[in-house]
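Here's the structure we're looking at; comments come further down.
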Amino acid sequence: VRRKIKEAAKRDGGAVQASTTWTVEGSAAKGQKMVNEFSKLLLRAFNGEADVLVSKMRPYKLEASVDRLLKARDTISRLGSTMNISISDPYVRLRIEELRLTADFLAKKEEEKEAERAEKERLREEAQARKEFEAEKARLLKEQAHYLSALQRIRETGTPEEVAAAEATLADIESAIQGVDERSANVRAGYVYVISNFGAFGPEVVKIGMTRRLEPLDRVRELGDASVPFRYDVHALVFS
């Protein structure tokens, strides 16, 4: 598109329509020279407006930018009406297409940045989850060692009820260790949360996210500490 714009902006490239019968002091050559110079000046003004709109483009500004460019074309046509000078429709369409492509390009770049941010957040979350898994497993193994030692003594001196209670506690600890191992092996598993923050987002708005932390409310509390004036209300936690 920019190659076509550059070609069209050359002399007789089709960007400008102008009178060919204008004379100055009875001279058609002088008249043509004046028309050419004035055409070049008006085209430069139009291109300047278009270039500014491209440089300041944001995806949400597209329609306003197109409207502004069309108004610039109309203003230039009025200024050049004496010599029938105007910016041609095909050239205006090229510059509008440039605006549209620029807006689309910027939107795609923002999508890529958002995807990168989401991936970085996922990696941070997984690293934090692994750290928690390791700490929790270490705690459980230590607790298991204590109960194994205690169970040996209870079997020697305790009642059958005390032995049964200790064995049941050990079974719970082993089940917890197995659960941590399973979560550690599949760090993509976690909790989907649905939370809201009336003070930050207003009514009828919820944030839906996912955390891999052992204690999902830890993640919700972190979100409440970071960027909102009030803590989040939790509406749902679903393990998935």
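The values are calculated or read from the model by the stated rules, or taken from the named source; none is laboratory data. Treat the numbers as computed from the prediction; the structure is a model and nothing was measured. Positions of Cβ are generated from backbone atoms using ideal geometry, with glycine treated the same way; all protein chains shown enter the neighbour counts. Only protein heavy atoms, including side chains, enter the accessible area calculation; ligands, DNA and RNA are left aside. Shrake-Rupley method; radii C 1.70, N 1.55, O 1.52, S 1.80 Å.
One table, with the values for the structure above:
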{"quantity": "Cα-based helix-to-principal-axis angle, 216-226 vs the chain, degrees rounded to 10", "calculated": "40 degrees"}
{"quantity": "Within straight-line cross-link reach of Lys109, aspartates and glutamates at Cα separation under 14 Å, skipping those fewer than 8 residues along the same chain", "calculated": "none"}
{"quantity": "Neighbour net charge for Ala129 - beta-carbon separation under 14 angstrom, K R +1, D E -1", "calculated": "-1"}
{"quantity": "Helix axis angle, 62-79 relative to the chain longest principal axis, alpha carbon, degrees", "calculated": "10 degrees"}
{"quantity": "Ranked by how many other beta carbons lie within 10 Å on average, peptides 94-105, 19-30 from highest", "calculated": "94-105, 19-30"}
{"quantity": "Whole-number accessible area per residue in Å² for the chain, which is evaluated in the context of all protein chains at 1.4 Å", "calculated": "65 Å²"}
{"quantity": "Sequence ranges 196-203, 173-180, ranked by mean other-Cβ count within 10 angstrom, highest first", "calculated": "173-180, 196-203"}
{"quantity": "Kirkwood hydrodynamic radius over Cα pairs of the chain, then Stokes diffusion coefficient at 25 °C and 0.890 mPa s, in µm²/s", "calculated": "98 µm²/s"}
{"quantity": "Heavy atoms of Tyr232: accessible area, 1.4 Å probe, square angstrom to 10", "calculated": "30 Å²"}
{"quantity": "Structure-based [θ]222 nm, the chain - -39500 (n - 2.57) summed over DSSP H runs of at least 4, per residue, nearest 500", "calculated": "-24000 deg cm²/dmol"}
{"quantity": "The range 81-240 - percent relative contact order, Cα under 8 Å, separation 6 or more", "calculated": "21 percent"}
{"quantity": "Angle between the chain longest axis and helix 28-55 axis [Cα atoms, degrees, rounded to 10]", "calculated": "10 degrees"}
{"quantity": "Carbon and sulfur %, accessible surface of the chain computed with the full protein complex present, 1.4 Å", "calculated": "53 percent"}
{"quantity": "Dipole moment magnitude, nearest 20 debye, the chain about Cα centre, only Lys, Arg, Asp, Glu C-beta charged", "calculated": "2100 debye"}
{"quantity": "Which of Tyr193, Tyr60 is most accessible, then next, and so on - probe 1.4 Å", "calculated": "Tyr60, Tyr193"}
